[in-house]
1. What does the convex hull of the alpha-carbon atoms of segment A:2-246 project to on average, in nm²?
2. If the label point is 7 Å along Cα→Cβ of residue A:242, which residues in segment A:94-134 have backbone nitrogen under 18 Å from it?
3. Take the eigenvalues of the Cα gyration tensor for the protein assembly as shown, scale each by 5, and report the square roots as semi-axes in whole Å, largest first.
4. Restricting to DSSP H runs of at least four residues, report the calculated mean residue ellipticity at 222 nm for chain B, -39500 (n - 2.57) per run over all residues, nearest 500 deg cm²/dmol.
5. Between residue A:170 and residue A:26, what FRET efficiency follows from the Cβ-Cβ distance if R0 is 22 Å, with the result rounded to 0.05?
6. Note down, for segment B:126-197, the three equivalent ellipsoid semi-axes (square root of 5 times each alpha carbon gyration tensor eigenvalue), biggest first, whole angstrom.
7. Peptide B:53-59: average number of partner chain Cβ atoms within 10 Å per residue?
8. Hey, what angle do you get for helix B:171-188 against the long axis of chain B, alpha-carbon based, 0 to 90 degrees rounded to 10?
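Bear in mind that the values in this text are calculations on the coordinates, not laboratory data. These numbers were taken from a predicted model, which means no experiment stands behind them. Cβ atoms come from the backbone with ideal geometry, glycine included; neighbour counts cover every protein chain shown.
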């Protein structure tokens, strides 16, 4: 039943996303601008011992896409709460977990599809990276989306208005982005900033994807990245499930 | 034989201003096939009561059964037995009426083909056949309300809960909805539990009225009995009766309800 219900909710929301082509394109705009107008600035900078600047920048841009794409996902739940759609569904026997999973899996699908387009654009601009590494990168984008999406939906269930939700998400995503070294690697940072950035879960994810993009799959970064991504997803989905089970309470 | 029975049903909310008791011990018995009107000023606890009885909100005290299923121990049974139309309705403005009806059928675990069939049946019963392929945002208030009710009837519920079903409808829409509610009861024996602000509606539609104020039941009876008992005569208007019972006038229909 969980599978049946999740597929149903997933399909409903995927159709919703596909109806809004505008949203799909604009979701990619900011990361694309980073590639176009920021990427070329880095090509001659010694960012890392291994690989080109693109192999450092693109992983960061992909996770940035995942971060912003999923952190704001909760807005849709606020709208659906006001329309009464969510309550209408919650009086049916539908699995509460499916109401969450259908949504986060839709987000993961959309963001991975956008990530594919971004990587293709990056290849045109000069990115060269091994295919397995690129695929691993998509895996991390998907996991990050599921995690942050869950937290975003859970938060949206708890707040009453979009006016509260927007600033709240903004105030968490901006520092997360800066402190994780998504734009430039934290190895460039002074010691205190580097230490601080290790408190950010995304730091481990971006380090892992950067290793994957240079073909190093068995590094400590990769191990920590996988562990943190899975752990974070587990915690986030658990929190999300609890909120969706007891919502309204 | 009661189809709904509640004992001391209570709901408190934690707010910035401390604990607020929206519903403070409601005792109710509803008989099968009855049209029950829950009446009360804004903030009396009508919506909160409905949301508890439909499993949307866990009570903080008391107990209730709906169609023989205990609210606390068998919420799944309650969900199968009841349909609910919130005041706001519950459709996505971007999708068609058909998609909403089919999705609802699938949420009640009907196989695909059966869900499509059920959508047609419901549309036929509620006069929505010609509107099936229109987006719900293009429907009139009355049409959308009929769609909301069709969604709630997908699984042939024994009890239908309607939260202020006629708020915002024009006179024709209201009359149509009254007919529909009576027809559901007469043809299918559906018990209808509705809240309303409109005293004429409560008078015309309900077999029995329960008046709540500040979270408790303050009067319960047929409209006639209530008029006689509280209004002083059988010719008293329900308005006078209501004032006598609650000590104040009914709230205007367009006042904002307490959102919980």
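1. Working: hull surface 53.2 nm².
Seen from a random direction, the Cα hull of segment A:2-246 projects 13.3 nm² on average.
2. A:96-98, A:100-101
3. Values: eigenvalues 567, 109, 69 Å².
Listed largest to smallest, the semi-axes of the protein assembly as shown are 53, 23, 19 Å.
4. Details: 9 runs with 90 residues, N = 260.
About -10000 deg cm²/dmol.
5. Numbers: r = 17 Å, r/R0 = 0.78.
Using R0 = 22 Å, I get an efficiency of 0.80.
6. Working: eigenvalues 75, 46, 23 Å².
Its equivalent ellipsoid spans semi-axes of 19, 15, 11 Å.
7. 3
8. 80
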